[in-house]
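Taking it in order: structure first as structure tokens, then the write-up.
FYI, it's all coordinate maths here, none of it is from the lab. If you're wondering where the values come from, they're calculated on a predicted model, not measured in any experiment. No Cβ is skipped: glycine too gets one built from the backbone with ideal geometry, and neighbour counts run over all protein chains shown.
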Amino acid sequence: MISKLPFILLSALATYIPRAVPFFMSWLSRLPAPIKKFLAVMPVAALGSLLFPSVLLEFSHAPAAGIIGVIAAAVVAWFRGGLILSILASIVVTYFVLMAY
Amino acid sequence: MQQGYDNRRQFIEGAKAGVSIFIGYFPAAIAFGLICRNTGLLFADAFLFSVTNFAGASQFFAVNLMASGAIAAEVAVGVFLVNLRYLLMSASLSQRLETQHPLTKALVAFGNTDEVFSVASTREGKVSTAFMTGIEVFSWAGWVSGTVTGFLVGSILPPGIQQSVGITLYAMFAALLVEEIRKEVRYIIIAATAGLLNSFFVIYTELSTGSSFVISMTAAAFIGTVILPDSIRELETSELTMEETYHD
């Protein structure tokens, strides 16, 4: 195995720059409203693209496991909230679906 | 003397808030450590990842892209886009930070995660450096120690469980998305557009994983900006938010 250090450091930089730049360029707090809105909806768009189609391809021999696992997480998050419980529920459900295959 | 006492008090207040975030970060970081192990990263890589990035969703995303064979530039662009929202958070925090010393600002900026920001923005008036130090050091410690724990625990988990841990990442994304949609139900349109576009690009075109992601996410965010009314919330975000843990 070889180290992925270059990826990690680039990724660190790509995280640090948006966090640090506004501390030194105050005009960034006066961005026009549509740009603020665009930045605000970005995480939601990111989550949609992060989920699909990867979750279907992750368990290519058992795509149902991915779908059912994600639904389990979503249902728990909707009714109970909280990340930990959603993830645990999802792991358990996925485990049983994979066993059933 | 008074200044020293004040600083210590502020640091302790920050540390208390930081411990709450620590508790929230720890299990999420365990999942990150497990995923690092499962995608074949070295222990040192997983550790350095959390030490240097100190980011939630974007670290999961980066590991995922790396595992799918993306090149470093694609990972960097994707991570940058996922993290663009920090422009807004840091812009807001920078105006409320007491100190204007460049080095202090540079350090405070490093630890300005979604949760740290949420807590700092509930403070009245100016936010002190001592408070930010307390909250950031403890939050960071939670993220790093959770990552290490997850990576090490991975070796003792039975294979069946290891395999189902592959869902962890997506479970987290789904839970985060649901939290967003609970705040603004129309966000589901943006997420669905992004997911459909990305599926289309990945399945029917020759675009790389990284490029598909960047294009579909940007397009969906743009469509969302155009079709949603201006009244939607602008600054709160909830990546990895454990609301119950820091509202004490």
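The table for this structure:
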| quantity | calculated |
| --- | --- |
| Mean ellipticity per residue at 222 nm, deg cm²/dmol - from DSSP H runs of n ≥ 4 across the protein assembly as shown, formula -39500 (n - 2.57) | -25000 deg cm²/dmol |
| Estimated dipole of chain B in Debye, rounded to 20 [Cβ of Lys and Arg +1, of Asp and Glu -1, Cα centre] | 240 debye |
| Whole-percent pair-distance distribution, where bins are 10 Å wide, for the alpha carbons of the protein assembly as shown | 6, 26, 36, 24, 7, 1, 0 |
| Built amide H within the under 5 Å cut-off of B:Val127, gap 5+ | B:Leu97, B:Glu98 |
| A:Ala62-B:Leu42 pseudo-label distance in nm [points 7 Å out on the Cα-to-Cβ vector] | 3.4 nm |
| Phi to ³J(HN,Hα) by Karplus 6.51 cos²θ - 1.76 cosθ + 1.60 over the stretch A:53-66, Hz, x for Gly, Pro | x, 3, 5, 6, 7, 4, 10, 5, 7, 8, x, 4, 4, x |
| The stretch B:72-86 - phi-based ³J(HN,Hα) in whole Hz, Karplus 6.51/-1.76/1.60, Gly and Pro as x | 4, 5, 5, 4, 5, 5, x, 4, 4, 5, 4, 9, 4, 4, 5 |
| Test item: A:72-81 mean partner chain Cβ contacts at 10 Å | 5 |
| Length gained when the stretch B:Glu13-B:Lys183 is fully extended (0.36 nm per residue, less Cα-Cα span) | 58.3 nm |
| Listed residues A:Arg19, A:Arg80, A:Arg30, most fluctuating in chain A (Gaussian network, C-alpha, under 10 Å) | A:Arg19 |
| Vicinal HN-Hα couplings computed from phi for the stretch A:32-45 (Karplus, 6.51 cos²θ - 1.76 cosθ + 1.60; Hz; Gly/Pro x) | x, 3, x, 6, 4, 5, 4, 5, 5, 8, 3, x, 5, 4 |
| Over chain B, relative contact order from alpha-carbon pairs under 8 Å, at least 6 apart, % | 36 percent |
| Cα centroid of the stretch A:42-101 to Cα centroid of the stretch B:80-98, whole Å | 30 Å |
| Candidates B:Ala70, B:Ala192, B:Ala220, ranked by Gaussian network fluctuation over chain B, Cα under 10 Å, top entry | B:Ala192 |
